[in-house]
Amino acid sequence: DLKEVITQAINNSSRMGQYSEYDLDKGQFSWVTVGGHRICDDCDSRRGIIMNYKNWESAGLPGSGWSVCKGYCYCILDPTGEIKSNLNTGVKEKIPR
């Protein structure tokens, strides 16, 4: 539980920094999955979907706990439309043994 909370806090602080740079009342945001780790089915089904920010808030923002991955969500909303819908970081998640 502690690991999830810490991961969620780090990811959400990063997202809030990103969101502060954009006018959230204008424009469209595309859901982007980030590779290098497992992507849950909930997030994968949203890949490439475009909505305004208010609709994403209602549907569930990345890392807000709405999905199966809960606090382990690394997905992002792209306000520019320039990021591929399945970003691959090239980093592979290490699976605990």
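The values are calculated or read from the model by the stated rules, or taken from the named source; none is laboratory data. Model, not experiment: these values are computed from the prediction. We place every Cβ from the backbone using ideal geometry, glycine too, and count neighbours over all the protein chains shown. Just the protein is used for accessible areas: all its heavy atoms, side chains included, with ligands, DNA and RNA removed. Shrake-Rupley method; radii C 1.70, N 1.55, O 1.52, S 1.80 Å.
Is it the case that Gly48 is at pLDDT 90 or above, at positive phi and touching a Ser or Thr at 6+ places or on another chain (Cβ under 7 Å)?
Answer is yes for this residue.
Listed here are the residues, each with its yes/no results for (1) surrounded by 13 or more Cβ atoms within 10 Å (Cβ to Cβ); (2) modelled with pLDDT of 85 or more; (3) in a loop (DSSP other than H, G, I, E, B).
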position	(1), (2), (3)
Ile39	yes, yes, yes
Asp42	yes, yes, no
Asn55	no, yes, no
Glu93	no, no, yes
Arg97	no, no, yes
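Select from the stretch 66-91 the residues that are more than 17 Å from Leu24 (Cα to Cα), modelled with pLDDT under 85 and either among the small types (Gly, Ala, Ser) or not in a loop (DSSP other than H, G, I, E, B) (or both) and list them in ascending order.
Lys70, Gly71, Tyr72, Ser85, Asn86, Leu87, Gly90
Quick one: Arg47 ticks every box in (1) open to solvent by less than 80 Å² (accessible area, probe 1.4 Å); (2) farther than 12 Å from Cys73 by Cβ; (3) under 11 Å from the mean Cα position of the chain (by Cα) except a single one, so which number is it?
Every condition holds for Arg47 apart from (1).
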